[in-house]
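We did not get these values from a lab; they are worked out from the coordinates using the rules stated. Not measured: the values here are computed from a predicted model. Every residue, glycine among them, receives a Cβ derived from its backbone with ideal geometry; neighbour counts consider all protein chains shown.
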Amino acid sequence: MSIFQTKAWQRSWWQHWGSTKGFNFLKEGCFQATGLYVDRYFWHGVLPIRCLQFVGTNYRRISTPRSEYHSLISPECDSAGSINELLEFSWSEAVFRDMFANSRDVSALELLADREGWLFRIVAEDTTFWVDTTGDWEGYLLSLGSNTRLRLFNRRKVLEQLGDIDLANAWPKKASVFFQLLNEFHVRRWGRPCFNERSVAFHQDFLSAVTSEGGEPQLSILSCAGKPISVLYNIAFKGCVYNIQAGFEQNFHKKLSVGTLHLGYCIEDAFQRSDIHKFDFLAGGGKNENYKERLATGSQSLVSVMLVRSKLFQFLYRLKSYRNAIAVSDEELYK
């Protein structure tokens with residue numbers, strides 16, 4: 001069970017976005033299976049769509065904080081029964097985001113689509129990265145490339161020469177300060193805040209609720225000489241530290257990547273704790289490089305799957321795929 005399948009995440013997400021026009025709640029998640037809802041809307045204002053999807057995700061219409069590691073099938077439940085339950089709901093298409101590519105969920109959905117005559121599509125692919133922290137911290141450092149090790153650990157000496165270093169958890173008393181810093185760092189680096197007002201409220205509610213399920217919020221602020229220079233939004237849950245978001249002062253020092261140094265402190269802490277076995281960077285890359293891949297000891301592919309039940313939409317999606325294939329062929333012809 002991941003942090004995204006907790007009641008805290010699922011219920012907080014629905015509390016903040018469930019009132020969206022057209023949303024209809026169907027089923028709460030349980031036993032590692034994610035909850036479900038239907039989004040009813042008109043595509044381009046004309047074609048009516050009833051899109052079945054996971055609570056905590058949305059396809060096309062709204063943007064909300066990303067969640068991963070979803071599943072339809074619970075280890076405690078019969079897989080065939082869980083998948084066949086989809087037949088009971090009214091929907092024209094279904095989009096199941098960020099499932100493990102090699103999971104029985106994906107295999108079962110492909111078999112169901114073939115049996116029922118539905119169109120099966122992969123609409124997105126990604127990779128998630130993590131560090132196995134059950135071993136030795138020093139051994140992990142030695143396994144890294146020399147430049148990566150320099151940025152993650154060795155240049156701590158340079159940082160420490162610039163002033164007193166402080167690592168503090170802003171949860172719960174300074175959570176608002178933390179999210180303000182995160183947004184400020186993102187505006188300077190990306191030109192836009194990380195979270196809007198609704199998303200900040202969602203995260204505050206989620207963090208308050210997840211502690212009752214054993215979650216441990218870690219809103220880490222790294223300061224040098226009293227000045228915050230990096231923030232990491234982490235949550236420890238069931239032996240794993242999830243790195244939800246990060247932000248840092250990008251022009252702090254020309255020799256330092258303060259965001260990577262901050263990750264080094266947090267990963268080292270995970271190695272030192274006997275109750276933690278993994279530090280999970282989740283999916284997504286950095287602005288200039290895929291730093292997660294360089295730091296990771298493991299990875300796994302994620303896929304987002306679409307099932308198309310409506311015959312009309314099956315025809316339209318096949319037509320779209322055909323036109324895209326023709327366009328690619330034309331590009332190859334004139335290279």
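In whole angstrom, note down how far apart the Cα centers of region 125-155 and region 249-319 are.
That distance is 14 Å.
If the limit is 18 Å between Cα atoms, which of Lys227/Lys278; Lys7/Lys238; Lys157/Lys278; Lys238/Lys292; Lys238/Lys278; Lys255/Lys292 go over it?
Beyond 18 Å: Lys227/Lys278; Lys157/Lys278; Lys238/Lys292; Lys255/Lys292.
Could you work out how far helix 311-333 tilts from the main Cα principal axis of the chain, as a 0 to 90 degree angle to the nearest 10?
So the inclination is approximately 60 degrees.
Can you list the equivalent-ellipsoid semi-axes of region 134-276, largest first and in whole Å, using the square root of 5 times each Cα gyration tensor eigenvalue?
Working: eigenvalues 121, 87, 31 Å².
Computed over region 134-276, the values are 25, 21, 12 Å.
Quick check on region 1-98: what are the equivalent-ellipsoid semi-axes from the Cα gyration tensor, as sqrt(5λ), descending, whole Å?
So the equivalent ellipsoid measures 22, 17, 10 Å along its semi-axes.
Of the peptides 199-205, 169-175, 140-146, how do they stack up when ordered by the mean number of other Cβ atoms within 10 Å, highest first?
The peptides rank, most packed first, as 199-205, 169-175, 140-146.
Any idea what angle helix 175-190 forms with the longest principal axis of the chain, computed on alpha-carbon atoms, 0 to 90 degrees, nearest 10?
The helix 175-190 is inclined about 80 degrees to the chain.
With a Cα-only, solvent-free Debye model of the chain, what are the log10 I(q)/I(0) values at q = 0.08, 0.12, 0.16 Å⁻¹?
Taking Cα atoms of the chain as identical point scatterers yields -0.44, -0.94, -1.39.
Quick one: plug the Kirkwood hydrodynamic radius of region 192-334 (C-alpha pairs) into Stokes-Einstein at 20 °C, 1.002 mPa s, and report D in µm²/s.
Stokes-Einstein gives a translational diffusion coefficient of 113 µm²/s.
For every helix of n ≥ 4 consecutive DSSP H residues, a contribution of -39,500 (n - 2.57) applies; sum these over the chain, divide by its total residues, and give [θ] at 222 nm rounded to the nearest 500 deg cm²/dmol.
-10500 deg cm²/dmol
Compute the acute angle (0 to 90°) between the alpha-carbon long axis of helix 197-210 and the principal axis of greatest extent of the alpha-carbon atoms of the chain; round to the nearest 10°.
Long axis of 197-210 versus the principal axis of the chain: about 80 degrees.
Using per-residue counts of other Cβ atoms within 10 Å, averaged over each peptide, order 228-240, 127-139 from highest down.
Sorting 228-240, 127-139 by mean packing, highest first, produces 228-240, 127-139.
Loop only per DSSP, at most 10 neighbouring Cβ atoms within 10 Å: give me the GluC sites (Glu not before Pro) in region 1-104, ordered by residue number.
Those that pass, being in a loop and sparsely packed, are Glu76.
Taking only Cα atoms of region 71-204, what ratio of Rg to Rh do you get with Rh as the Kirkwood inverse-distance radius?
1.12
If amide H atoms are built 1.01 Å from N in the plane of the peptide, which residues on other chains or at least 5 residues away come under 5 Å of the amide H of Ala246?
Amide H neighbours of Ala246: Tyr233.
How big is region 212-294 by the Kirkwood estimate over distinct Cα pairs, in Å?
Computed over region 212-294, the radius equals 13.6 Å.
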